Amino acid sequence: MRTWLVVLTALVLVACRAGPDESALKKDVAERVAQALPPGTVSLTALERRGSQSDPKAPAGETRRVVYFDTELTLDRDFDFGAWDSPGVAGVVSALGTGPRGLVGITSGGNKAGDRVIAHGTALYKREGDGWMPVVSGGFTPTPSPDYATTLAQSGAVGILDSMRTIVSNVPKDVSPVTRALIEEELASANASIRAALARATKGYAIAAGPEHGEYLRFAQALSEAKGARIVALITRGGDENLRMLRDGKVSLALSQADAALAAYEGKGSFADQGPYPTLRAMGSLYPEPVHVIVKGDSAITSVADLAGRRVSVGPVGSASRGTALRVLEAHGLNEKSFRQVLDLPLNEALVGLRQKEVDAVIQVIGAPADSVRDALTDVPLRLVPLSERAVATLAASKGGYFAYTIPKGAYATQKQDVRTIATAALLLVGSDLGEAEIGALTRYVFGQARDFAARGSVQGTKVSAANARLGLSIPQDVAASRALDTLAKPDTAPSAAPSAAPVQPGAAPAK
């Protein structure tokens, strides 16, 4: 008899040390849910106790247990857990002591009566006499962030690994298989991202630039010659092709006009066949690219309307400049049928044709002063033709990525007066394969270092700065790039070379 009493006493002590039983736990959880959510919202229809462990953070002289459980809630009425004016998800998390990933069944836009919500929860209890009392709130406390995710002093890669190792080793042994799978998935993803980033940093970041002798290629090559990140400049047909290469994952960076980027983002114009590109993001604006309408100095052409019946070069297929040239002509009431011939020549070939009287006019979107145009002036006098006031106003109001612009007199040796035109921004675009840390570092590399770009062959590079990086943006800016620019731009620094009209901004909110 005495032996049975000893065994029974031992079992009672073990039960006490393990915390409250399932029935007591269910009663307490039901009360917490009722307090957290409006009356008549949900019913606790099932609960299963999954074990417990001592609380290592218990105050001195106090015995506490953390109890783990799985529970099922059934909605008694329609309810939107995501509404801003209700306790919603926050109430469930607090009541059940669960993390956001421990909830299953909450529907974006609202749940319906009869829906089930499954949760993996925890409850904290303290020993009082022979019983257990729930600790007030008992809500979910997120795992403290490791040093690398806070503003605390960085401890290097080894310290980060130690922090992650600590987090993983502190995961309870009886954690659910779903939670363990999530941990393994996150670790595998981090490992893959680090390997990919190292490969890119070692081999270099491929940037889709532009045609030979073009300003895009000159800038990309000047950037690649500077010390820091490895940039590999690729020769392409131009901005449209660059955008397609970026979307297909063939490059990590690309240069293009703001109007072309907006068309790709919305899936319009020459990008209608691919549909919208909603994940397209800009690192920042580099410099303005005005429309040049170029004729020989002795030409009788004095306006864009005079181009009717002439031979006009609008740029090669695949170049963003070509699309802009056609829109400029359309704004003047002209289309491809209005001309004797429409030529798809690269800029250098078109300028040669102009000199040899095989081309009557060249339309090109390019930073001013453009090296190719300046070089051509050594062989033959050239002149810039202004756009009409009406066309400028129409294009600037079109929300297509354009703003009114003036090419100032003296920009070219033979230019004696200001030339009215429109411009679009040259954008540096980022691929979805880049991580936030990489984008932030690249943004600081491009916009945060004083360099003599002109000495490296890019006059346009002298206009690149953190102060100008948001001018003329037509698509959302990458969040990591925006943060990096905030640390670079000084509040009292006035943007230089600002366009003469407010830059066009899209309706989409900037996000990654």
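The values are calculated or read from the model by the stated rules, or taken from the named source; none is laboratory data. Small disclaimer: the values here were computed from a predicted structure and weren't measured. Virtual Cβ from ideal backbone geometry, glycine too; neighbours counted across all protein chains shown. Each accessible area value is taken on the protein alone, full model and side chains, heavy atoms only, with ligands, DNA and RNA left out. Shrake-Rupley method; radii C 1.70, N 1.55, O 1.52, S 1.80 Å.
Where only protein heavy atoms count, and the probe is 1.4 Å, what is the accessible area per residue for region 409-471 in Å²?
Value returned for region 409-471: 41 Å² of accessible area per residue.
Using square roots of five times the C-alpha gyration tensor eigenvalues, list the equivalent-ellipsoid semi-axes of region 353-434 in whole Å, biggest first.
Listed largest to smallest, the semi-axes of region 353-434 are 26, 19, 13 Å.
Compute the signed sum of charges (Lys and Arg +1, Asp and Glu -1) over the other residues within less than 13 Å, Cβ to Cβ, of Leu329.
Result for the neighbourhood of Leu329: +1.
How would you order 315-325, 431-441, 52-62, 449-459 from highest to lowest mean count of nearby Cβ atoms within 10 Å?
315-325, 431-441, 449-459, 52-62
How far apart, in nanometres, would the label points at Ser23 and Asp418 be if each is projected 7 angstrom from Cα along the Cα-to-Cβ direction?
8.9
How big is the equivalent ellipsoid of region 339-495 along its three axes, where each semi-axis is √(5λ) from the Cα gyration tensor, reported in whole Å from largest to smallest? All intermediate terms of the calculation are to be shown ahead of the outcome.
Numbers: eigenvalues 221, 69, 55 Å².
Listed largest to smallest, the semi-axes of region 339-495 are 33, 19, 17 Å.
Which value in nm describes the separation of the simple spin-label points at Lys227 and Asp76, placed 7 Å from the Cα toward the beta carbon?
Result for the modelled spin labels: 7.1 nm.
What's the extension gain from Leu187 to Arg165 if we count 0.36 nm per residue and subtract their Cα-Cα distance?
Result: 6.9 nm gained on full extension.
Using only the Cα atoms of region 205-257, each taken as one equal point scatterer with no solvent, compute I(q) by the Debye sum, divide by I(0), and report log10 of the ratio at q = 0.21, 0.27, 0.29 Å⁻¹.
Per q value, in the given order, log10 I(q)/I(0) is -0.64, -0.99, -1.10.
By how many nm would the segment from Gln35 to Ser388 grow when fully extended, if each residue of separation counts as 0.36 nm and the alpha-carbon distance is taken off?
Net length gain for the segment: 120.2 nm.
On a 1.4 Å probe surface of the protein chains, which of Asp344, Asp375 comes out largest in accessible area, and what is the full order?
Descending accessible area places them as Asp375, Asp344.
Which of the peptides 302-313, 469-480 is most tightly packed, and how do the rest follow, judged by the mean count of other Cβ atoms within 10 Å per residue?
Result, highest mean first: 469-480, 302-313.
Would you kindly state how much longer the chain becomes between Ile235 and Val104 on full extension, computed as 0.36 nm times their sequence separation minus their alpha carbon distance, in nm to one decimal? Walk me through the numbers before you get to the answer.
Details: separation 131, 0.36 × 131 = 47.16 nm, distance 4.96 nm.
That works out to 42.2 nm of additional length.
In debye, nearest 20: dipole of region 246-290 around its Cα centre with unit charges on the Cβ of K, R (+) and D, E (-)?
The calculated dipole for region 246-290 is roughly 160 debye.
Under 19 Å between alpha carbons, and skipping anything fewer than 8 positions from Lys357 in its own chain: which aspartates and glutamates qualify?
In chain and number order, the partners are Asp298, Asp306, Asp344, Glu349, Asp375, Asp379.
Please list, ordered by chain and number, the residues whose modelled amide H lies under 5 Å from the amide H of Ser52; skip anything fewer than 5 residues away on the same chain.
For Ser52, the qualifying residues are Tyr68.
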